[in-house]
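Working notes, beginning with the structure itself.
Please treat every number below as a calculation from the coordinates, not as lab data. Just so we're clear, the structure is a prediction, and the values are computed from it rather than from any experiment. Here Cβ is always computed from backbone atoms with ideal geometry, including for glycine, and neighbour counts include all displayed protein chains.
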Amino acid sequence: MLVNVQERESPAMAFSELKARQSVMWGNGPYERITNTIRDIHALVIERSDPQPGERVLDAATGTGAVAILVAARGADVVGMDLAPVLIETARERAAEEDVSVQFDVGDAEAMQYDDASFDIVTSTCGVMFAPDHAAVAGELGRVTRPGGRIALACWTPEGGLGQLFAMMKPFLPTPPEGVGSPFAWGSEAHVRGLLGDAFELEFEEHDSPLALASGEEYWQLFSTSYGPTKSAIEALESSRRDEFHETWIAFGEQYRDGDEIVHHREYLLTLGTRR
Ligand SMILES: C[S@@+](CC[C@H](N)C(=O)[O-])C[C@H]1O[C@@H](n2cnc3c(N)ncnc32)[C@H](O)[C@@H]1O
């Protein structure tokens, strides 16, 4: 039987189209309002990776540059890279406001534009986990980190609060192409060992970043106006499905009610590695 190969989309093509969409989706913010809810994770990533003045640091999937800017303020020589051009623009503005020098680049964590062994430290906070090709990201982390260099990756766990949030959102989101790894697999120790265990000596820590808000409605207001994946999904839905999404979100948030607030526990895995 003859197969028209033109009609079959290769996984590489599907992934590159997905990333083109993702670069716009993540920029559909203002993402700064969301990154402010994970400042505790930024602080821990920096504490554990412990950048010293003069060390060369890459913050991969930096978003609006929160970690990169804090690390630069400690005197390190910092590069922040992200797929979303809009977020990189904001990151540059924020660095100028904070009066710190950071090189911000648009780039892809699956194919980084940096030389082999060019960083002492590579960090990523809830970042590279969202690239579709996990093996490609892992290969790049190993390639750009110098022998003896460190990595610190904070990634939401599959069964934790963010895994549950995405499970709630799933019926309202576009279906990803076949073969895309779940971002939350990066929150599982076995998966990360499989990806990075050959290149890095690894240690793992489990943490929680609780988010306290007044109500499920406030949770919806924050994410529907500022979180790219949610905002973009809403824009693509018909109005009746939007109402359904809104109601589903409120019910989701309200299950975490604790007195006069809701507290959503968001568990994450912190992977710490030293390049062999
Ligand atoms: C949840 S945000 C985290 C941003 C930032 N690290 C922080 O702490 O706020 C996820 C980020 O991953 C970026 N991202 C997704 N896929 C990427 C890829 N293939 N290469 C580089 N960045 C990517 C998105 O553009 C987005 O900024």
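Points to keep in mind about this one:
- Residues satisfying the stated conditions in the stretch 138-163, i.e. within 18 Å of the chain's Cα centre (by Cα) and not small (Gly, Ala, Ser): Glu140, Leu141, Ile151, Leu153, Cys155, Trp156, Thr157, Pro158, Glu159, Leu162
- A single member of Leu70, Leu83, Leu44 is in contact (Cβ under 8 Å) with a residue 12 or more places away in the chain and either of a type in the set (Phe, Trp, Tyr) or away from the ligand (no atom under 11 Å from the Cβ) (or both), and it is Leu44.
Conditions tested, residue by residue: (1) over 22 Å from Glu267 (Cβ atoms); (2) of a type in the set (S, T, N, Q); (3) touching a residue at least 24 places away in the same chain (Cβ under 8 Å); (4) not in a loop (DSSP other than H, G, I, E, B).
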site: Gly149; (1), (2), (3), (4): yes, no, yes, yes
site: Lys170; (1), (2), (3), (4): no, no, no, yes
site: Pro174; (1), (2), (3), (4): yes, no, yes, no
site: Ala190; (1), (2), (3), (4): no, no, no, yes
site: Leu202; (1), (2), (3), (4): no, no, yes, yes
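- Some residue of the stretch 224-232 being under 27 Å from Ala14 (Cα atoms) and of a type in the set (Lys, Arg): yes
- Flag for Val57 being more than 13 Å from Gly29 (Cβ to Cβ), near the ligand (Cβ under 9 Å from one of its atoms) and of a type in the set (A, V, I, L, M, F, W, C): no
- Leu58, sole failed condition from (1) farther than 21 Å from Gly148 by Cα; (2) surrounded by 18 or more Cβ atoms within 10 Å (Cβ to Cβ); (3) among the aliphatic types (A, V, I, L, M): (1)
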